[in-house]
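Let me begin by handing over the structure; questions about it come next.
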Amino acid sequence: MKMFAKFTLAIACGAFAFSLATASFAQEEKMTMEEYQAQLQEWQKREADAKAEIARLDQEIANLKQQIQETEQQTASVWNEIYAMLGTDAAGVDAYRNQLNALNNQLDGLMALSPEELFKRRKELDDLEAQLNELKESKIYALTEMQNLVASIEGKITQLRTRMPKAIYDEYTVMRGDYLWKIAGKSDIYGDPYQWVRIYSYNRDQIKDPDLIYPDQIFKIQREVGPDEYLVEKGDFLYKIAGKADVLGDPTLWTKLYEANKDIVGSDPSLIYPFQVLRIPR
């Protein structure tokens with residue numbers, strides 16, 4: 001009972017102290033009407049100034065938007081004049097750009113190949129370069145953006161051609177008892193003894209007489225025909241070979257082909273044999 005009385009008394013004392021503190025705070029915060037009105041006027045003035053500043057900034061934004069719109073219209077007008085001179089429109093320029101980007105992406109794919117794989121796909125590189133040269137004939141190529149893009153693509157083509165080997169071949173070291181017929185017939189060479197002519201013509205810098213080869217000579221065993229080489233097929237003759245599009249494209253140039261291969265063909269241009277490797281003079 002005494003405990004309860006003490007607790008009640010403590011609560012009453014606390015409440016009285018809180019009431020005194022609240023009254024004191026209210027007295028300290030009490031404001032006169034004049035002070036209140038002065039402060040209200042200050043807030044109203046600040047609000048009015050802020051609204052005026054917002055209105056001014058809104059007007060500036062509106063003016064800038066108008067200037068941007070006028071500039072865009074002028075730019076569009078200038079571009080339309082340029083397109084007219086180029087004989088195209090914005091859609092035509094976009095299509096041209098897309099074609100160049102497509103070529104660029106294809107070249108990126110070739111850049112990831114090994115030199116040997118690149119050699120095997122050299123025709124693809126030739127086709128891409130031909131497409132690029134055709135695109136350069138367009139008037140749209142006069143645009144600086146397109147010239148820069150074309151220059152980048154041409155740089156990649158140059159890199160690829162630098163990486164590409166001129167030919168793919170293995171090497172074979174001559175052993176005692178070897179002769180060209182025997183070497184060509186080996187399963188890891190050509191598996192066909194008749195292709196001894198291929199080894200002979202491809203190694204004319206080392207073989208002066210096909211009946212005379214020596215141990216430790218290292219011969220190149222051609223695996224892929226290079227871009228400046230031609231492997232004679234059955235039924236070929238120089239006039240026919242020279243006329244092929246991927247050789248000289250003109251049969252009357254057979255004499256040029258002969259002069260470049262006298263050391264292989266010999267004194268009679270009418271006698272050539274299957275598997276001879278001819279050099280194509282470009």
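Taking the Cα atoms only, what angle lies between the long axis of helix 90-111 and the longest principal axis of the chain, rounded to 10 degrees?
It works out to around 60 degrees.
Kindly write out, for the range 257-262 in residue order, the coupling ³J(HN,Hα) from the Karplus curve 6.51 cos²θ - 1.76 cosθ + 1.60 (θ = phi - 60°), rounded to whole Hz, with x marking Gly and Pro.
5, 5, 4, 6, 10, 4
May I ask you to derive the relative contact order of the chain, considering only C-alpha pairs under 8 Å and at least 6 residues apart, and to give it as an integer percent?
Numbers: 244 pairs, mean separation 34.2, N = 282.
Across the chain, relative contact order equals 12 percent.
Also: By per-residue mean of other Cβ atoms within 10 Å, what is the highest-first order of 116-128, 82-94, 197-209, 63-75? Could you put the intermediate results ahead of the total?
Values: 116-128: 15.2, 82-94: 13.2, 197-209: 17.5, 63-75: 10.0.
Per-residue Cβ counts within 10 Å, averaged per peptide and sorted highest first, yield 197-209, 116-128, 82-94, 63-75.
Quick one: 3J(HN,Hα) in Hz for the range 263-279, Karplus 6.51/-1.76/1.60 with θ = phi - 60°, rounded, Gly and Pro as x.
5, 9, 6, x, 7, 10, x, 7, 10, 10, 10, x, 6, 5, 9, 9, 8
Which label belongs to the value computed from this structure, given these candidates for Cα Rg over 2.2 N^0.38 Å: [x] 2.39; [y] 1.09; [z] 0.96?
Label of the calculated value: [x].
Roughly what angle does helix 2-29 make with the longest principal axis of the chain, taking Cα atoms, 0 to 90 degrees, to the nearest 10?
Tilt relative to the chain: about 80 degrees.
Can you list residues whose amide H is under 5 Å from residue 223's amide H, if they're 5+ apart or on another chain and H is modeled 1.01 Å from N?
Sorted by chain and number, the residues that satisfy this are 168, 169, 170.
Next question. So which lysines pass the test for residue 136, namely a Cα distance under 17 Å, with those fewer than 8 places away in the same chain ruled out?
Filter leaves 156.
Now for a different question. Whole-Hz Karplus ³J(HN,Hα) for the range 149-160, in order, using 6.51 cos²θ - 1.76 cosθ + 1.60 and θ = phi - 60°, x for Gly and Pro?
Couplings: 5, 5, 4, 5, 5, 5, x, 5, 4, 4, 4, 5 Hz.
Can you tell me the orientation of helix 33-86 relative to the chain, as the angle in degrees between its alpha-carbon axis and the longest Cα principal axis, to the nearest 10?
On a 0 to 90 degree scale, this one is about 20.
Holding the Cα-Cα limit at 18 Å, pick out from 123/240; 123/262; 123/166; 166/234; 120/166 the pairs that are longer than that.
On the way: 123/240 22 Å; 123/262 28 Å; 123/166 13 Å; 166/234 25 Å; 120/166 11 Å.
Too far apart for the 18 Å limit: 123/240; 123/262; 166/234.
Determine the calculated [θ] at 222 nm for the chain from helices alone, applying -39500 (n - 2.57) to every DSSP H run no shorter than 4 residues and normalising by the residue count; nearest 500 deg cm²/dmol.
On the way: 11 runs with 173 residues, N = 282.
Counting only the DSSP helices, I get -20500 deg cm²/dmol.
Just so you know, all these numbers are worked out from the coordinates, no wet-lab data involved. All values reported here derive from a predicted model rather than from experimental measurement. Cβ coordinates were reconstructed from backbone atoms using ideal geometry, including for glycine residues, and neighbour counts include every protein chain displayed.
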